[in-house]
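**Student:** My questions all concern the structure below.
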Amino acid sequence: MTETWFGALLLSVTSVTSVQADECIVGVIGESVLLPCVYSGVKNLTSFRISSEWRRGMETVHTAVWIEGQVDNQNVSSRITVSSLAPKTGDFSMELNHIHLSDTHNYSFHLKLHGEKSYSLCTVCLTVAGHFSHPTLLRENGVDGGKSRLFCNSRGGFPAPSIYWLVNHTQRPPETLVTTFINTLPQSKLYNITSILSINISADTAVTCVIENDLLNETLTATSFGVQSNTSVVRLSEHMWAFSAALCVVVFVLVAVSLGFQKKWDRDRKRKKHSCGDDSSSEGTGMIVFDLEQWASLPETDV
């Protein structure tokens, strides 16, 4: 009679608990998630021999036998944890560790009184998602504000995200200018996404790539604030080369003129010096010519 009454009590509790717990929980790949299930009945479960069972669909993933509130036997999994105090606290929630995509499923918790059939207390929907990598953004500018191409890439997420572009942070370009490729990785089933925007903009226009994972309520952005185009760089290089060549010519001419003036100045200096040397030597070495006959006819004088 007690067992039948207990079963009826579980049924009444189940009808309430299932409605409250029948919702999807989002888990993240590689992390842990808690699938809640709390017994809120008035009967003290520590007074009975009971067994509990967590199922994924029709597959049993965890079982335990409890005698007067103590664990008598349970299957141990490195990925699944149920509190050993569950009959005392009423909290039979299951923690699932190291989540992967195959864990996406409906889970149910069943409680059974010894010798009776099992009753479902909770149902929980688990959905698994994965974070995308921060997007990388590459830009190829066109010539003089011509068509530019921008490449946005993000990897390793789930499910397939929404992706769009913004020009100058507010304007969304037409979808006809966007080409998006979504690839599924063979082993992990995760997604890689690449989007290409081809648009006529100036080289200094800011362009933003936006990736949204609605399941995780996650938005990732990458912005290119404008860079000098390759053509502009080439032209600037050509101008610098021409300027350098002209500067070299000017310097060469100035050096040549300077050398010419230097040589002319040296010649003039040598010529002037040579001319001055001839005049001084003629004055200093002038010859005295005596007329011996006149000197002989001069009268003698006393010395």
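The values are calculated or read from the model by the stated rules, or taken from the named source; none is laboratory data. Every value quoted in this text rests on a predicted model; they were computed, and no experiment measured them. Neighbour counts run over all protein chains shown; Cβ positions are idealised from the backbone, glycine included. Surface accessibility is based on the protein's heavy atoms, side chains included, excluding ligands, DNA and RNA. Shrake-Rupley method; radii C 1.70, N 1.55, O 1.52, S 1.80 Å.
**Student:** I'd like the residue in the stretch 139-176 that is without any contact (Cβ under 8 Å) to a residue 60 or more places away in the chain and among the aliphatic types (A, V, I, L, M) and, out of all such residues, is farthest from residue 196 (Cα to Cα).
**Tutor:** The selected residue is 160.
**Student:** Can you tell me which residue within the stretch 220-279, out of those that are part of a helix (DSSP H, G or I) and under 30 Å from residue 171 (Cβ atoms), is modelled with the highest pLDDT? Give the derivation first.
**Tutor:** At the first step, the residues of the stretch 220-279 found to be part of a helix (DSSP H, G or I) are 230-279.
Remaining after also requiring under 30 Å from residue 171 (Cβ atoms): 230-236.
On the way: 230: 46, 231: 43, 232: 45, 233: 44, 234: 45, 235: 51, 236: 47.
The extreme case among them is 235.
**Student:** Restricting the search to the stretch 186-213, which residues are closer than 12 Å to residue 166 by Cβ, touching a Cys at 6+ places or on another chain (Cβ under 8 Å) and either free of Cβ contacts under 8 Å to residues at least 60 places away in the same chain or among the aromatic types (Phe, Trp, Tyr) (or both)?
**Tutor:** Within the stretch 186-213, just 197 meets the criteria.
**Student:** Going by what's in this entry, would residue 213 be described as exposed (fewer than 10 other Cβ atoms within 10 Å of the Cβ) and modelled with pLDDT of 90 or more?
**Tutor:** Working: exposed (fewer than 10 other Cβ atoms within 10 Å of the Cβ): no; modelled with pLDDT of 90 or more: yes.
Taking the combined requirement at face value, the residue does not satisfy it.
**Student:** Tell me which residues, restricted to the stretch 43-85, are within 45 Å of the chain's Cα centre (by Cα), of a type in the set (Val, Ile, Thr) and either assigned to a strand (DSSP E or B) or under 19 Å from residue 116 (Cα atoms) (or both).
**Tutor:** Residues satisfying the conditions are 60, 61, 63, 80, 81, 82.
**Student:** Which of the residues that make up the stretch 194-210 are touching a Ser or Thr at 6+ places or on another chain (Cβ under 7 Å) and buried (at least 20 other Cβ atoms within 10 Å of the Cβ)?
**Tutor:** Correct list: 195, 201, 207, 208, 209.
**Student:** Something else about it: Starting from the stretch 49-77, take each residue that is basic (Lys, Arg) and list its partners that are in a loop (DSSP other than H, G, I, E, B) and surrounded by fewer than 16 Cβ atoms within 10 Å (Cβ to Cβ), counting only C-beta distances under 9 angstrom and pairs at least six apart or across chains.
**Tutor:** 49/68; 49/114; 49/115
**Student:** Could you list, in sequence order, the residues of the stretch 47-82 that are of a type in the set (Ser, Thr, Tyr) and either over 18 Å from residue 123 (Cα atoms) or loosely packed, with under 15 Cβ neighbours inside 10 Å (or both)? If you could, list the steps in order and put the result at the bottom.
**Tutor:** Pass one, the stretch 47-82, residues of a type in the set (Ser, Thr, Tyr): 47, 51-52, 60, 63, 77-78, 81.
47, 60, 77, 78 - these are the residues of the stretch 47-82 that are of a type in the set (Ser, Thr, Tyr) and either over 18 Å from residue 123 (Cα atoms) or loosely packed, with under 15 Cβ neighbours inside 10 Å (or both).
**Student:** For residue 40, which of the numbered conditions (1) under 53 Å from the mean Cα position of the chain (by Cα); (2) open to solvent by 60 Å² or more (accessible area, probe 1.4 Å); (3) over 30 Å from residue 101 (Cβ atoms); (4) modelled with pLDDT of 85 or more fails to hold?
**Tutor:** Condition not satisfied by residue 40: (4).
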